[in-house]
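Data block below; observations after.
The values are calculated or read from the model by the stated rules, or taken from the named source; none is laboratory data. This structure is a prediction, so every number in the text was calculated from the model and none was measured. Note that we place each Cβ from the backbone using ideal geometry, even for glycine, and neighbour counts take in every protein chain shown. These accessible areas exclude ligands, DNA and RNA; they are computed on the full protein's heavy atoms, side chains included. Shrake-Rupley method; radii C 1.70, N 1.55, O 1.52, S 1.80 Å.
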Amino acid sequence: MQFIEITKEKYHTFWENHPLKTFLSAPEIGDLRKSNGWDVYFVGVEKHKQLVAAAMLVAHKRHFGKYEFYSPRGVLVDFSDEVLLEYFLNEIKKFVKKHKGYIFRMDPYVLYKERDIDGEIVDGGIDNTNIVSKLLSLGFRKVAISDMEQVGWMFSLPLEGKNKEQILKEMKPGTRNKIRKTEKFGITIKELGYDELERFQNIMIETGERKNFAVRSVDYYQKMYKLFHDKGQVKYFVTELDLVQYQKKLEDDKKLAEEKLAGLSDAKYNEGQKKNLENEINSYDKRIKEAIDIRKNKGKDIITLSGSMFMIIQPEIVYLSSGNYLEFIKFDSQYLLQWMMIQYGIEKGFKKHNFYGIPANINLHPKDYGIYEFKRGFNGIVEELIGEFELPITWHYYLMQFIHKIRK
C-alpha cells in the first residue's frame, strides 16, 4: 500500500463511485471552503496501482500558525477493512503534522446502529460499534453531539423499489390529507434562478429570527448555486399562491356546498349532513374573507409562502434548508414541496429522500420533537451516524481546547 497526494479529478472519480458518497464530501465543497480561506488537499491510498481509499482534507489556520484539518463526511474507505483503515488514518496523521496541523477531524457518512421510524434500535440490524471502537483505539476522541459540525441524526424515506402510489399510501393520513389540500388550493412551486436567491434568503431570515437559529448569507446560497446548479445538483424552490385563483376556487366550492344544502329535504335523517354543509360554508366564508384581506394588506395577487433548498446527488436527495413565512404557515405548502421532490426521486432512480437533520436520541422525545414529527408523517426511518471524531496531532490541541472552553 502507498499513501499519495492525488489530483482533484482523481478524487472526484473515486468519490463518484464510492458507497459513502454524499454532497458534503464532493470536491465542490472543497471549492466552497477555498473561497472562504481554507486550503484543500486530496489524498489517497493505492494498492497494486489502484486507488482503494481517498479523502478531501480542508485546512484552516488557527492560533500560533497551526492548522485545523477536517475531512467533511470523510474519509472514503472500507471501514470494515481494519488494516486499510488503520494505515490510511495513520498516514493522514503524518500528513497533517507535516502541514502544521494540530488536529484532524472527520465525521464519516457511516451508520452507527440501525433504527426504525420511532428511533428504536432494530434487533439484529446494522451495528457499527466496532468501527467506533477502532477509531478510539487509534487515538480519536468522539465529539459531543452539541459540538458536531454536521448533523448526526437524520430521517430518511427509502425510495428504491417503490412507486409513488405505494409511498403515498404508506404516509400518515394527516400528511396525505395536507398534500391533497395544497393541491386543491392551487399552490404552485417555482424554481429560483441565481438572481432570485434573495427571495429564499428572506424566508430563511424570517424563519431564523422566529426559531432562533443562525442564517447563512445570500453569498453562501449563490456560491452553492454556481458550484452545483449546472449539474442539476442543487435546486432552490419557493411556493406561491395566486390569491385571485384561490378565492375563485373557494367561491366555486362554496356554491356547490350551498346547492347541496338547498337540495336536502327537512327530513330528520338529513340533519347531520345539513349541519356539516353549514359548517363547510362558514369555513369557505372565513377563507374567502382571509384571501381578500391578504390581497388588500399585501397589495398583490400572488404571495410567497415558503422556500426550500435541495441537494440532488445520487444516491439521495437531501432536504438541506427550508423556511416558512409564519403568517402563511397554515397553507402547509412544505408538504407539497416534499411530495414533488419525492416523486422526482422515484422518477430519477434515487435510493432515498433524506429529510436530513432531526434532534439526537429522538426516541427520548427531546426538544424540537416537532421537526421530526413533520418528517415522520411521510414515513421512513431514523438514521444515526457514528458521529464526529477528532484526533490530537500536537500538544497545541490541548491548548486550543482550553482556549475554546474559556470562550464558550
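Shape verdict for segment 303-385, please, from the Cα gyration tensor: rounded (a/c under 1.5), prolate (a/b greater than b/c) or oblate. Let's see the in-between values first.
On the way: a/c = 1.98, a/b = 1.01, b/c = 1.95.
Since a/c reaches 1.5 but b/c is at least a/b, the shape of segment 303-385 is classed as oblate.
How much accessible area per residue does the chain have, counting only protein heavy atoms and a probe of 1.4 Å, in square angstrom? Display every interim value, and only then the final one.
On the way: 20410 Å² over 408 residues.
Each residue of the chain exposes 50 Å² on average to a 1.4 Å probe.
Can you give the accessible area of residue 229, probe radius 1.4 Å, in Å² rounded to 10?
Around 40 Å² of this residue is reachable by solvent.
If you work out Cα Rg over 2.2 N^0.38 Å from the coordinates, which of (i) 1.18; (ii) 1.11; (iii) 0.93 do you get?
(i)
Return the single residue from 281, 317, 131 with maximal mean-square fluctuation; model: Gaussian network over the chain, springs between Cα atoms under 10 Å.
Judging by the Gaussian network model, the answer is 281.
From the residues 67, 236, 30, which one has its Cα farthest along the dipole of the chain in the positive direction, the dipole being from +1 and -1 charges on Cβ of Lys/Arg and Asp/Glu about the Cα centre?
67
What's the carbon and sulfur percent of segment 215-309's accessible surface, probe 1.4 angstrom, rounded to a whole number?
Working: 2590 of 5490 Å².
Its accessible area is 47 percent carbon and sulfur atoms.
Using a cut-off of 14 Å between alpha-carbon atoms, which aspartates and glutamates can reach residue 10, once sequence neighbours fewer than 8 places away in the same chain are excluded?
Those aspartates and glutamates meeting the cut-off are 28, 46.
For segment 1-51, just say rounded, prolate or oblate: build the C-alpha gyration tensor, square-root its eigenvalues into a ≥ b ≥ c, call rounded for a/c under 1.5, and beyond that prolate if a/b exceeds b/c, oblate if not. List each step's numbers first, then the result.
On the way: a/c = 2.94, a/b = 1.56, b/c = 1.89.
It comes out oblate by the Cα gyration axes.
I'd like to know which of 133, 381, 318 lies farthest towards the positive end of the charge dipole of the chain, counting +1 on Cβ of Lys and Arg and -1 on Cβ of Asp and Glu.
Checking the options against the dipole of the chain, the answer is 133.
What residue among 83, 215, 43 has the largest mean-square fluctuation in a Gaussian network model of the chain, using Cα springs under 10 Å?
Comparing 83, 215, 43 in a Gaussian network model of the chain, the most mobile one is 83.
With a ≥ b ≥ c taken as the square roots of the eigenvalues of the C-alpha gyration tensor of segment 319-358, please select rounded if a/c is under 1.5 and otherwise prolate if a/b is larger than b/c or oblate if it is not?
Oblate shape, in that a/c is at least 1.5 and b/c is the bigger or equal ratio.
In whole angstrom, note down how far apart the Cα centers of segment 226-282 and segment 39-101 are.
If we compute the Cα centre of each part, the gap is 56 Å.
Rg/Rh for segment 146-254: what does it come to with C-alpha atoms and Rh from Kirkwood? Before the final figure, lay out each step's value.
Values: Rg = 18.1 Å, Rh = 17.6 Å.
Computed over Cα atoms, the ratio is 1.03.
Of 142/375; 134/348; 164/296; 255/298; 330/352, which pairs sit farther than 30 Å apart, going by alpha carbon to alpha carbon?
134/348; 164/296
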